[in-house]
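Here the structure is laid out as structure tokens; the discussion comes afterwards.
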């Protein structure tokens, strides 16, 4: 029987949560049943972190073009139509946030029968807000048009949480697909004490992991570290990740004299080992759909302090949600009190099972197979 031709359309194959999730799915999907291709919004000469992993699985990677100029955005839409018409995929699974509207319209125009939209966030990456500036008017118009295209051209609506589905689809019925990860890797690192050796010595180890971007609220996190340092000096915040705001974070750490208690680790592939050396995890994001890294932190046995803007569906019992409006001092006080009391929040194993990557692949297989 011929394999089902499946295309994952995504920005790239980096270490961020969405793309790491797709790589994990690719590693476990039935390759005798599915012929998988990744379609990337990257120029041909840009080789992302996990491309070699995908190629080693016998899957293909197609580079379209980057999206850093208006001309390239137009080229991207045109090239997608050409690629879809040539490849004749059975299923296109779009993971491009609001740009899914363009992706799915191109898939429809190419005659692709199954067109899946996947929502991974609870709010837009664009700072829409109130007001009537030309920029904000354009952003609102973009959101309106893209959502109309998504609802018109999708055959299946998926999202990582109820809030992510409401953000993208309003009141339209949509399926929740749990963001999964390899829980065993994180549990094993904790159980064996396999901590990353270069974690700076301290009595208390905190960590955060993720793309250093505005969505993750990184300068707020620097302020939390500054406020916590006023209360105690025996901690280190181990910070793994890279992104457009990394230099701003580095400068803020240096300007506030926090070099001794904030360790910037950069891009890492040993996240289980970093988490294994820590006790508490901090995630003060402005918005999230369902962050895989928070699942990984709970699997590692960490007590997690999480922005109340993050979907509560992520909580398997290991999370304490804090509002951002209590400020950095409020966050620091909550963390300090937890350290002093020895607070440990344990995740429920049965709830965690939903976030195992094997369960995620099973959920998607049912969608792809129409079961």
Go through the stretch 148-163 and give me each residue that's over 16 Å from residue 292 (Cβ atoms) and modelled with pLDDT of 95 or more. 148, 149, 150, 151, 152, 153, 154, 155, 156, 157
Looking at the structure I just gave you, is residue 244 outside any strand (DSSP E or B) and at pLDDT below 95? yes
Among the listed residues 335, 293, 310, identify the single one that is farther than 21 Å from residue 21 by Cα and either at pLDDT below 95 or crowded, with 19+ Cβ neighbours inside 10 Å (or both). 335
Quick count over the stretch 316-365, residues being more than 26 Å from residue 190 (Cα to Cα) and in the same structural domain as residue 175 (by TED's automatic domain parsing), is 4
Within the stretch 149-161, is even one residue surrounded by fewer than 22 Cβ atoms within 10 Å (Cβ to Cβ), in contact (Cβ under 8 Å) with a residue 60 or more places away in the chain and assigned to a loop (DSSP other than H, G, I, E, B)? no
Qualifying residues in the stretch 234-247 (those that are surrounded by 15 or more Cβ atoms within 10 Å (Cβ to Cβ) and out of contact with any strand residue (DSSP E or B) (no Cβ under 7 Å at 6 or more places or on another chain)) - the one nearest to residue 15 (Cα to Cα): 243
Sole exception among (1) in contact with a strand residue (DSSP E or B) (Cβ under 8 Å, 6 or more places away or on another chain); (2) in the same structural domain as residue 309 (by TED's automatic domain parsing); (3) closer than 23 Å to residue 355 by Cβ for residue 191, by number: (1)
Do we find a residue being more than 23 Å from residue 323 (Cβ to Cβ) and touching a helix residue (DSSP H, G or I) at 6+ places or on another chain (Cβ under 9 Å) anywhere in the stretch 211-229? no
Give the number of residues within the stretch 1-26 that are surrounded by 18 or more Cβ atoms within 10 Å (Cβ to Cβ) and assigned to a strand (DSSP E or B). 5
Within the stretch 224-231, is there a residue that is part of a loop (DSSP other than H, G, I, E, B), touching a residue at least 40 places away in the same chain (Cβ under 8 Å) and not assigned by TED's automatic domain parsing to the domain that holds residue 53? no
Which listed residue, of 302, 324, 343, is crowded, with 17+ Cβ neighbours inside 10 Å and touching a strand residue (DSSP E or B) at 6+ places or on another chain (Cβ under 7 Å): 302
Can you pull out every residue in the stretch 188-210 that is over 13 Å from residue 271 (Cβ atoms), touching a helix residue (DSSP H, G or I) at 6+ places or on another chain (Cβ under 9 Å) and surrounded by 16 or more Cβ atoms within 10 Å (Cβ to Cβ)? 204, 206
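The values are calculated or read from the model by the stated rules, or taken from the named source; none is laboratory data. It should be emphasised that the depicted structure is a prediction, and the values quoted were computed from it without experimental measurement. Here Cβ is always computed from backbone atoms with ideal geometry, including for glycine, and neighbour counts include all displayed protein chains.
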